Structure formats: C-alpha cells, structure tokens
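The values are calculated or read from the model by the stated rules, or taken from the named source; none is laboratory data. A quick note: this is a predicted structure, and the numbers were derived from the prediction, not measured. Every residue, glycine among them, receives a Cβ derived from its backbone with ideal geometry; neighbour counts consider all protein chains shown. Note: accessible area is taken over every heavy atom of the protein model, side chains too, but ligands, DNA and RNA are not part of it. Shrake-Rupley method; radii C 1.70, N 1.55, O 1.52, S 1.80 Å.
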Amino acid sequence: MTMKHDPEALSRPNRFDPVVVLAGLLGVSLIWFYWPAFLVMNKRWSTDPRYAHGYLVPVFALVVLWLRRDRLATLTVRSNWRGLVLIGIALALRLIGAYLFVGWLEAASLLPALGGLCVLVRGWPSLRWAWPAIAFLVFMVPLPYRLEGALASPLQRVATNVSTYALQTLDFPALAEGNVIYLERGELGVVEACSGLSMLFTFFAMAFGMVLVIRRPWLDKVAIVASAIPIALIVNTIRITVTGVLHEMVGSEAANLVFHDLAGWLMMPMAMGLLWIELKLLSRLFVEPTPASTVLSPLDLTRAAQDARDHRDPADADRRTGKKDALAALKGLLTNT
C-alpha cells in the first residue's frame, strides 16, 4: 500500500504532510524507547577499549549518507505504510531482548527501526539509498559477552604461537606455554586484552567503511572486508614481537611503554598501510572490464586510426584528397569519351 504526495498540497499554507508528521513523532518515540540501550552502549564505549570507536560510527554513517546524496535527489517521494511493519518488528525485538536480558538484541533492533522510518517517509527506494549507512551502525553495538569470550581464546593462542615463532626466527630464545611467552630475561603474558580482539573489531569497521566509499568491483570489496582478520593478526603479532625484542634488548620498562602506549597508537596507521597495499595489489591482479557501451567496432577502430594519421600528418590527408580528385577527373574523361 503506497501513498503519493500531492505537490500542490505541499505548497498550501498551514498544511502538513501527515506521513512526515507521523515519522517525526515515531522518531522521537524511538529515541525515548531506545534511550536505555543508548546509555548502555555509551558506557561500553567510554570504558571498554575494544569499542572506543563506537563514538565515530554514527558520524561516519552520516558521512556515507552525505556522499550518496546525489542518489537521493533522483528518488520518487512515495510513502509506504509497510514501514510501520518494520518498526513493529524492531520494537518486538527490543522487547524480546529486554525480556531475555540480551543487550545486543536490544541495541541491534534499532537498525530495522531506522529502515522502517525510511520506508515510511520515502518508500523502499530510500531504504536502498540509506541501507549502507544503517548497516554500518551495527559496529557501534557491543557483541554479546559469550561471543567475545569465544573469539578471544583462539585469538590469544594464535597471537602467542605466531609471536613466539617470530621471536625464535629473530634468534631470540622464546618458549610458549599457554598464553605466556617465556624469554631469557623474563616472561611476556598475552592476556585477553592483548588477543587482538579490539583491533579486530576496529579493523572490521574500518574495512567495511572503506568499501562503502570506494568505487571498486564487488570482488575487491569482499576481499577487503575479509582481510580484516589477517590484518588484525599480523598487526597484533608485530606488536607482541617488537615488545619481546625490546624486553630482551632494552628492558622491561621500555617494552611496557611500547606495548601499552605507543603500539596502540601505531597499530591503526600500520593497518591502514596494509589496506593500501592490498588495494594496490588488487588493482594489479584484477582489471576492471570496459563497459559494453564504450566498446568500439572494427569499423570505428579503422576510422579512428585513419583520423589519427590524418591529424598527425596533414600532408597525407592532402595527398589522399588529391588522388581522389585525380581519379574523379579521370573517370569523368572516360565517361565523356
């Protein structure tokens, strides 16, 4: 069921579009309804380093909408009451999450609610315009604790074993036992905070945000998002390995300074550099096909080559013109004879 806007009605004074008014009221109601979930997310963003990027996610979502604003101008303004169905589903998920004490479901139910508002005001085409920004908001929602624990343990083991192998390759005595790396002058514990899980969340958000703003084939975009996992492992391994080297060569104080302070700031630029290298490699490996509309026929190629030669050497064009005139004159004489 759809409802078209009357252009004349929009220009009349003291008249309001009931759909826009309803959407505004629903938006205010959603803010009130989700306010407890916002407070919980804000607490995690401010106290948990793994979700410190949560403050930037809504800002980047607005940037994505701004970059896609030219598509919005081409949409037909057509309200669709089916948006209320999406809003109803979102509210039901919110209540279910509150009843079952599943905080992630409570916060994530905001996404279909925003999609329902788009459909209600401007129809399904507006959801196709806004879905990348709405989908990106999922990175501001903290994961369930059970899932975090399930991911942190294997990441700890991988980081410990790979870093131990790297230290041994650099000719440093190192032995991994559990999540602890034993060195000649001490030991280095790879605790849960050092598992790389926080960097994994941040890199996933960064990679997904990158594919939203770049113009590349879908294969490249999928490869960029999937590369967030190995990039997080590589950067975290470099962090632990450098810390172990400094621990053996300089001392524990300098190693702790790098591990807890400097390395945290350097990991993000390092990850950006790896993503840039990946984009360059993908550009060399996969060549974008030429659109069908720009493919030239053999006749067009022949004419283009002929025009290029004429443009390069005007004397050749004059000689060909003279030959054509001479042939035409000879043909006229033969005809008269």
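Of note:
- For M199, the conditions (1) over 21 Å from the mean Cα position of the chain (by Cα); (2) at pLDDT below 85; (3) of a type outside the set (G, A, S) are fulfilled apart from (1).
- Residue count for the stretch 21-73, restricted to those that are of a type in the set (G, A, S), without any contact (Cβ under 8 Å) to a residue 60 or more places away in the chain and open to solvent by less than 50 Å² (accessible area, probe 1.4 Å): 1.
- Flag if R15 is in contact with a helix residue (DSSP H, G or I) (Cβ under 7 Å, 6 or more places away or on another chain), exposed (fewer than 13 other Cβ atoms within 10 Å of the Cβ) and modelled with pLDDT under 85: yes
Okay, residues lined up against (1) in contact with an Asp or Glu (Cβ under 6 Å, 6 or more places away or on another chain); (2) at pLDDT 90 or above; (3) assigned to a helix (DSSP H, G or I):
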{"site": "S29", "(1), (2), (3)": "no, no, yes"}
{"site": "A37", "(1), (2), (3)": "yes, no, yes"}
{"site": "N42", "(1), (2), (3)": "no, yes, yes"}
{"site": "H53", "(1), (2), (3)": "no, no, yes"}
{"site": "V64", "(1), (2), (3)": "no, no, yes"}
{"site": "L72", "(1), (2), (3)": "no, no, yes"}
{"site": "T76", "(1), (2), (3)": "no, no, no"}
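- Only one entry in L114, L120 is closer than 30 Å to L56 by Cβ, assigned to a helix (DSSP H, G or I) and modelled with pLDDT of 90 or more, namely L114.
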